[in-house]
Amino acid sequence: MSKQKARLKYIITAAFIAAIYAALTYLGSFFGLSYGPIQVRFSEALTILPIFTPAAIPGLTVGCFIANIGSFNPLDMIFGSFATFLAALLTYFLKDITFKKLPFLALLPPIVINALLIGFEIAVFFLGEGYSFYGFIISAIEVGVGQLIACYGLGLPLYLALKSKKITKLNLFK
């Protein structure tokens, strides 16, 4: 494949991931799951995708930015997108570390990064009483539990489905 075709494929893959992430987040908002201190975004299952392609890093970041437009909060657009970028990057770097052929460690960055960064954002800007360490801990736990459900409860089955269908053999992500 030529360099130009490979670059185009990378951009198309990233755009596809961004669109799916945003669409799944908006879908979850109809059920009250996508925004707020306690959230389980269906789209966070996609945080497993950097294991399959580096195009997922910008795809997830842009998708998160677009999805956070729906929160009508510029801070969410900044903090959420940065957290997603950092988590996707770390997931990509941890992709080859497996336990019983499962990428358990690669699923941790979206949970930990979002718990810390979004927990901090909520504690500082949205709790109303100003920053408190207690408020941060509660917010981090709330965000972390939602991420845990999304990443392990939805992301791990997605990983298994992608592996079992041999998606990488179909050349969709490579």
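Each value in this text was obtained by applying a stated rule to the coordinates, not by laboratory testing. The structure presented is a predicted model; accordingly, all values stated were derived computationally and were not measured. Note that each Cβ is placed from the backbone with ideal geometry, even for glycine, and that neighbours are counted across all protein chains shown.
Show me the trypsin sites (Lys or Arg not before Pro) within segment 92-155 that DSSP assigns to loop and that have at most 15 other Cβ atoms within 10 Å of their Cβ.
Within segment 92-155, the qualifying trypsin sites (Lys or Arg not before Pro) (loop, at most 15 other Cβ atoms within 10 Å) are LYS100, LYS101.
Just list whichever of LYS5/LYS95; LYS3/LYS100; LYS9/LYS163; LYS9/LYS100; LYS3/LYS163 have alpha carbons separated by over 29 Å in the model shown.
LYS3/LYS100; LYS9/LYS100
Out of the chymotrypsin sites (Phe, Trp or Tyr not before Pro) in segment 39-138, which ones are loop residues according to DSSP with at most 15 other C-beta atoms within 10 Å?
Sites meeting the loop and neighbour criteria: PHE72, PHE104, PHE126, TYR131.
As a footprinting exposure proxy, order ASP76, ASP96 by other Cβ within 10 Å, with the fewest listed first.
Arranged by neighbour count, lowest to highest, ASP76, ASP96 become ASP96, ASP76.
Between ILE38 and SER71, what is the label-point separation in nm under the 7 Å Cα-to-beta-carbon projection?
Once both label points are built, they end up 1.8 nm from each other.
Of the listed values (1) 28, 18, 14; (2) 34, 16, 11; (3) 58, 16, 12, grab the one calculated as semi-axes √(5λ) of the Cα gyration tensor in Å from the structure here.
Read-out taken from this structure: (1).
Within a 10 angstrom radius of the beta carbon, how do GLU44, GLU142 rank from fewest other beta carbons to most?
Ranking GLU44, GLU142 by Cβ neighbours within 10 Å, fewest first, gives GLU142, GLU44.
Once you've got the GNM for the chain with C-alpha springs shorter than 10 Å, pick whichever of ALA87, ALA140, ALA15 has the biggest mean-square fluctuation.
ALA15
Under 8 Å for C-alpha pairs, at least 6 residues apart: give me the relative contact order for segment 3-170, rounded to a whole percent.
So the answer I get is 24 percent.
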